[in-house]
Amino acid sequence: MKLSVKENRTEAIAAACAALDGGEVVGIPTETVYGLAADATNEQAVQRIFSVKRRPSFNPLICHCSDIEMAERLAHFEPVSRALAEACWPGPLTLVLPMRADAGLPSITTAGLETVAIRLPSGFSCDLIKAFGKPLAAPSANISGKVSATSADHVVADLGAAVGLVLDDGPTPIGVESTILKIDGGEVRLLRSGGLTVERIAATTGIEVLTKIQSGKIVAPGMMESHYAPNAVVRLNAVDAKVGEVVLTFGATPHRYELAVAILSLSASGNLEEAARNLYAMLKGADEIAPNGIAVAPIPEIGMGVAINDRLRRAAAPRP
Ligand code: TXA
Ligand code: MG
């Protein structure tokens, strides 16, 4: 069942809390993408997230909290993590921190790691967690490896009857997942680029984020080469179209796309925030046209373009 948050916020929160209390999974809007939420402290409920998403059990979940006090019950905060939390939460930032021995999380939530990923989302999901009173484990609400959901309809289309309740708050305002940082001693390392740019983090906190990925090692267990993949093959940096492709353009389109079956504009004005908002819906929309392939115009590797290009590279990677 889909329930509109805009029309009846109180009823939506009550229905979600009842379902979560009963150990069910609920589709929830966040400012980044829709999440598939469950009580992070309930082993069976979290198990349901893994089976509904067909997610490998080695891939840990993010625990969503409503305030820093709730987060502090899960993890140890050092001065640098506290500074990041105070400056950037609520918002599209996830911190991977050393887990407290008394965090109360079943090992399935963190895939047996000694660290825990924590995020304080803004808006409706923050109010929902506050009402529920416990952290919510929530990955993106899509089948594992597929394109993430940025609307309630995407959640229903992808996960269907397996999810009893999906809360609808319209399209998500950011459109790509949170930025993930791992805090290790004084070191702050980027595990996943996302909705908060490292430039913005540096400007608001003065903290320098190490962005160089260690020698070929997968640092976030879920950052597989192929991810965010539509059904059609994806071709990047396309300056022309091959017969039957759908083209995703960015900015003015001086390129030669006349062989395309359709052209979808990520942002006609060349705005990277707008392109991030449109990215997943347009990959799904392109797929529905059943093209010979999806060709994507070059996207500048600056600001939000870093996260967009990361997702596009994974969408275009060879499939397992
Ligand atoms: O914006 C978001 O972050 C969304 C919304 C729903 O909050 N969530 C999201 O979750 O993108 P998910 O599960 O699709 O991606 C979480 C990533 C995975 O790559 C996972 O491996 C990584 O976070 N992760 C979780 N716990 C970790 C840990 N302890 N250490 C390293 N990586 C971790
Ligand atoms: Mg995901």
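The values are calculated or read from the model by the stated rules, or taken from the named source; none is laboratory data. This one's a predicted model, so the numbers in the text were calculated from it and none came from an experiment. Heads up, the Cβs are rebuilt from the backbone with ideal geometry, glycines too, and the neighbour counts pull from every protein chain shown. To get the accessible areas, we keep the full protein, side chains included, count just its heavy atoms, and leave off ligands, DNA and RNA. Shrake-Rupley method; radii C 1.70, N 1.55, O 1.52, S 1.80 Å.
For segment 113-125, filtered to residues that are in contact (Cβ under 8 Å) with a residue 40 or more places away in the chain and part of a loop (DSSP other than H, G, I, E, B), the residue that is nearest to ligand 1 (Cβ to nearest atom) is LEU113. Looking only at residues in segment 134-145 that are surrounded by fewer than 24 Cβ atoms within 10 Å (Cβ to Cβ) and more than 11 Å from ligand 1 (Cβ to nearest atom), the one that is nearest to GLU24 (Cα to Cα) is LYS134. Please enumerate the residues belonging to segment 252-285 that are surrounded by 18 or more Cβ atoms within 10 Å (Cβ to Cβ) and assigned to a helix (DSSP H, G or I). LEU272, ALA275, ALA276, ARG277, ASN278, LEU279, TYR280, ALA281, MET282, LEU283, LYS284 - these are the residues of segment 252-285 that are surrounded by 18 or more Cβ atoms within 10 Å (Cβ to Cβ) and assigned to a helix (DSSP H, G or I).
Among the residues making up segment 226-251, those that are open to solvent by less than 50 Å² (accessible area, probe 1.4 Å), closer than 30 Å to ARG55 by Cβ and away from ligand 1 (no atom under 16 Å from the Cβ) are PRO230, ALA232, VAL234, VAL246, LEU248.
Count of segment 156-184 residues, restricted to those that are over 20 Å from LEU279 (Cβ atoms) and free of Cβ contacts under 8 Å to residues at least 40 places away in the same chain, is 3.
Go through segment 43-54 and give me each residue that's open to solvent by 40 Å² or more (accessible area, probe 1.4 Å) and in contact with a helix residue (DSSP H, G or I) (Cβ under 9 Å, 6 or more places away or on another chain). Spell out the reasoning first.
Within segment 43-54, the first condition is being open to solvent by 40 Å² or more (accessible area, probe 1.4 Å), and the residues that meet it are 43-44, 47-48, 51, 54.
The answer is ARG48, SER51.
With the requirement that a residue be open to solvent by 20 Å² or more (accessible area, probe 1.4 Å) and in contact with a Ser or Thr (Cβ under 6 Å, 6 or more places away or on another chain), what does segment 286-309 give you? Once the filter is applied, which keeps residues that are open to solvent by 20 Å² or more (accessible area, probe 1.4 Å) and in contact with a Ser or Thr (Cβ under 6 Å, 6 or more places away or on another chain), segment 286-309 yields GLY303, VAL306. Restricting attention to segment 179-210, the residues being open to solvent by less than 20 Å² (accessible area, probe 1.4 Å) and in contact with an Asp or Glu (Cβ under 8 Å, 6 or more places away or on another chain) number 5. From the list ALA19, ALA12, ALA38, the lone residue that is over 19 Å from the mean Cα position of the chain (by Cα), assigned by TED's automatic domain parsing to the domain that holds GLY194, crowded, with 24+ Cβ neighbours inside 10 Å and not aromatic (Phe, Trp, Tyr) is ALA12.
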